[in-house]
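Starting off with a structure, shown below.
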Amino acid sequence: MSDYIWKLYDRKETDLISHLCRIRAIDPKALEPDFTEHLHNPNLLPDMAIARALLREAVEKKWSVTIFGDYDADGTPAAAVLAMTCERLGLTHQVILPTRKTGYGINMETIEGIKDSCQLLITVDTGITAIEEVALAKKYAIKVIIIDHHLPKSIIPNADAVIDPFVPSSKYPFKYLCGCALAYKLVVALQEDFPQQITVGFSKWLLDLVAISTVADMMPIVGENRVLVHYGLKVLAKTRWPGLTELMRQADIRPDQLSSQTLGYVIGPRLNASGRLLDNRPAYQLLVSKSINEASAFAREIETANYERRELVKNVLANVEKQLWKQNKSSDHLIVIAGNNWPSGVLGLVAGKIVGLTNRPAIVLSITDQGVAGSARSIDSYSLIDALERSSNHLKRFGGHTLAAGIALDKKNLSKFVDSIKKDAQEKISADQLRPTITIDAEIGDHELNYKTTSVFDLLAPFGQGNPLPIVLKSSMSVSSPRKIGSAGNHLKAFVKSGDSQIDMIGFGLAEKYFNNPLSTIDIVGHLEENIWNGRKSLQIKLKDFRPAGSGVDEVLSLPL
């Protein structure tokens, strides 16, 4: 029996693309995104008119502007977008990015530091919970624009403008824009006020930064985001920013082979790397660099930071795995693991890997002299932000999304918090939800084992959260020439055949499962794709799981209405 629960969408339509579009709530007529038709008017965002008026006043009165961003691959590009815009408008400006040491979000010390030199403060990818900080800024007569995509609490800061699609007053049609996308929306809105400085061309050349942030911040690639990433990838292939040119060159990224996976797994982690270790200023400087020589130095620094980040993750993960079942029980529905002085910048990555290993929500904490802080990652069926709210009486602060969050607490409250959050998970997560699930888009027939089908899949790109690579089921495939590959011999390679169709099959990490019980005929689920290796093109199934032929699925899912 498979370790996975197999859930298959009921396929009522013979036309595969119509079936896949229905699952993803994509209009088949909108498969090719239209830049004009499929993007919403930025003026529909809350307080956009006020923000525009403030920037007109800032230009007229020559205000000094402070941009406060974040240390990740959303808040840092967002700050770069706003800085480039201020430069075009002739505004004196400075950019402040928090560090892992100072902590996420703007603080009172920052406000005190800018009180004598700043007339307009713009926060981006942060600020929606900065009630006291905004109040202090207002006390010093600083105008404040908040641009954020995080969930507000019951009280919203008394800023002059709050551009957040989640505020209760928002009527914006699409809520799931990242911070950089919201900054871009402001830029587009400013075209009307400053047509000579903020041209249509300038705003479109920002789309590569928007696409990187959207994917790196794990926004759903549906609706407006799918349009932004689609066009952002086209812009990135011809980017005008020396920093991105150098970053791609040093990371061996070919502009003609860009995809959303490139953004999520290659570019995004690099723009996050220095922020995870100490300070993300190198990433910001890279993005606003004006020459290849300047950008090259920052790109090298980022490559070094990315290597160090990978090594840190490997070392912390090794420690975490040793302690995993010493600090937790197999019956726990949520994992909490703590260690002394673990580097805070990689805890979220480690938590994500623990989720992958256990299919349970995971919280990884570092204990220091200052207290306890860490990161959490979750599974689809368990909202972290709601869970943390239910255990908030044990926390100093917390914030985040459904699937990812950060927390801080006093040492004296650690055991109480662990007991509380584990009890919550025990009540909210069923045993079945702890079994990993493969959601299968469609069962395909022999006549669909071809390149035409992979071309159909390509129409759905770009892929990501909310629009994953299609997974198909093909029943009763005969296996030939199975063998182990990889340095550890843990990957499976074989040919599979049904009718007259024979294709390559590769299953990463599946060699042991297969050779423990070799089968001549199997049902397979995975990604059907075109593979090019050493100049040879072949049709390949990238295997996610297999079962003995005729095993069937565990659940048939109804199509969305």
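The values are calculated or read from the model by the stated rules, or taken from the named source; none is laboratory data. These numbers come from a predicted model, not from an experiment. All Cβ positions, even for glycine, are placed from backbone atoms using ideal geometry, and neighbour counts span all protein chains on display. Ligands, DNA and RNA are stripped out before the accessible areas are found, and what is left, the full protein with its side chains, is counted by its heavy atoms. Shrake-Rupley method; radii C 1.70, N 1.55, O 1.52, S 1.80 Å.
Please work out which residue is surrounded by the fewest Cβ atoms within 10 Å (Cβ to Cβ), limiting yourself to region 241-256 and to residues that are in a helix (DSSP H, G or I) and of a type in the set (Asp, Glu). Can you show your working first?
Step one: of region 241-256, the residues in a helix (DSSP H, G or I) are 242-250, 255-256.
Filter once more, so that each one left must be of a type in the set (Asp, Glu): 246, 256.
Details: 246: 24, 256: 5.
Taking the candidates together, the pick is 256.
Check every one of the strands (runs of 3 or more DSSP E) wholly within region 474-561 and list those with 3 or more residues that are closer than 26 Å to residue 452 by Cα and open to solvent by less than 50 Å² (accessible area, probe 1.4 Å).
Working: elements: 491-498, 501-507, 521-533, 536-548, 555-557.
Output list reads 491-498, 501-507, 521-533, 536-548.
Another question, if that's okay. Filter region 197-219 down to the residues that are open to solvent by 30 Å² or more (accessible area, probe 1.4 Å) and under 21 Å from residue 23 (Cα atoms) and list them by number.
218
Additional query: Would you please name the residue that is farthest from residue 361 (Cα to Cα), looking only at residues in region 289-318 that are free of Cβ contacts under 8 Å to residues at least 40 places away in the same chain and open to solvent by 70 Å² or more (accessible area, probe 1.4 Å)?
Filtering region 289-318 for residues that are free of Cβ contacts under 8 Å to residues at least 40 places away in the same chain and open to solvent by 70 Å² or more (accessible area, probe 1.4 Å), the one farthest from residue 361 (Cα to Cα) comes out as 293.
Report, by residue number, each residue of region 443-463 that is open to solvent by 60 Å² or more (accessible area, probe 1.4 Å), closer than 30 Å to residue 210 by Cα and not charged (D, E, K, R).
455, 459
On to the next question. For residue 85, indicate whether it is modelled with pLDDT under 95 and either part of a helix (DSSP H, G or I) or open to solvent by 10 Å² or more (accessible area, probe 1.4 Å) (or both). Can you show your working first?
On the way: modelled with pLDDT under 95: no; either part of a helix (DSSP H, G or I) or open to solvent by 10 Å² or more (accessible area, probe 1.4 Å) (or both): yes.
When the stated conditions are applied, residue 85 does not pass them.
To continue, here is another question. How many residues does region 284-321 contain that are closer than 21 Å to residue 202 by Cα and part of a helix (DSSP H, G or I)? Talk me through it step by step, then tell me what you get.
The first filter runs over region 284-321 and keeps only residues closer than 21 Å to residue 202 by Cα, leaving 284-292, 295.
From the residues that got through so far, the ones that are part of a helix (DSSP H, G or I) too are 284-288, 292, 295.
Going through region 284-321 one residue at a time, the tally reaches 7.
Moving to a separate point now. Can you give me the number of residues within region 105-133 that are touching a helix residue (DSSP H, G or I) at 6+ places or on another chain (Cβ under 9 Å), open to solvent by 10 Å² or more (accessible area, probe 1.4 Å) and not in a loop (DSSP other than H, G, I, E, B)?
Qualifying residue count, region 105-133: 5.
Has region 184-199 got at least one residue that is modelled with pLDDT under 95 and closer than 19 Å to residue 48 by Cβ? Break it down stepwise before answering.
Within region 184-199, the subset modelled with pLDDT under 95 is none.
Taking every residue of region 184-199 in turn, none turns out to be modelled with pLDDT under 95 and closer than 19 Å to residue 48 by Cβ.
Those residues that are modelled with pLDDT of 95 or more and touching a Ser or Thr at 6+ places or on another chain (Cβ under 9 Å), I need them from region 138-154; list them, please.
142, 144, 145, 146, 147, 148, listed by residue number.
Need pairs with beta-carbon distance below 6 Å; first residue under 18 Å from residue 423 (Cα atoms) and within region 322-339, second open to solvent by 30 Å² or more (accessible area, probe 1.4 Å) and at pLDDT below 95; sequence gap 6+ or separate chains.
337/323
Moving on to the next point. Are there any strands (runs of 3 or more DSSP E) wholly within region 358-424 with 2 or more residues that are closer than 19 Å to residue 313 by Cα and either free of Cβ contacts under 8 Å to residues at least 24 places away in the same chain or aliphatic (A, V, I, L, M) (or both), and if so which?
Working: elements: 362-368, 371-377, 397-400, 404-409.
Hits in region 358-424: 362-368, 371-377, 404-409.
Quick one: what pairs do we get from region 430-442, first residue open to solvent by 60 Å² or more (accessible area, probe 1.4 Å), second assigned to a loop (DSSP other than H, G, I, E, B), C-beta under 6 Å, 6+ apart or different chains?
Pairs found: 433/381.
Continuing with this model, one more query. So residue 421 clears everything in (1) farther than 20 Å from residue 476 by Cα; (2) touching a strand residue (DSSP E or B) at 6+ places or on another chain (Cβ under 9 Å); (3) open to solvent by 30 Å² or more (accessible area, probe 1.4 Å) except one condition, right? Which one?
(3)
Taking region 438-473 as the search range and keeping residues that are acidic (Asp, Glu) and modelled with pLDDT of 95 or more, which one is nearest to residue 552 (Cα to Cα)? Full working, then the answer.
Applying the first criterion (acidic (Asp, Glu)) to region 438-473 yields 441, 443, 446, 448, 458.
Imposing the further condition that a residue be modelled with pLDDT of 95 or more reduces the set to 441, 443.
On the way: 441: 15, 443: 11 Å.
Taking the candidates together, the pick is 443.
Consider residue 275 carefully, then state whether it is open to solvent by less than 10 Å² (accessible area, probe 1.4 Å) and either free of Cβ contacts under 8 Å to residues at least 12 places away in the same chain or farther than 30 Å from residue 365 by Cβ (or both).
Working: open to solvent by less than 10 Å² (accessible area, probe 1.4 Å): yes; either free of Cβ contacts under 8 Å to residues at least 12 places away in the same chain or farther than 30 Å from residue 365 by Cβ (or both): no.
Against the criterion (open to solvent by less than 10 Å² (accessible area, probe 1.4 Å) and either free of Cβ contacts under 8 Å to residues at least 12 places away in the same chain or farther than 30 Å from residue 365 by Cβ (or both)), residue 275 does not qualify.
Per-residue answers, yes or no, for (1) under 29 Å from the mean Cα position of the chain (by Cα); (2) open to solvent by less than 70 Å² (accessible area, probe 1.4 Å):
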residue	(1), (2)
21	yes, yes
26	yes, yes
29	yes, no
35	yes, yes
40	yes, yes
54	no, yes
64	no, yes
72	yes, yes
75	yes, yes
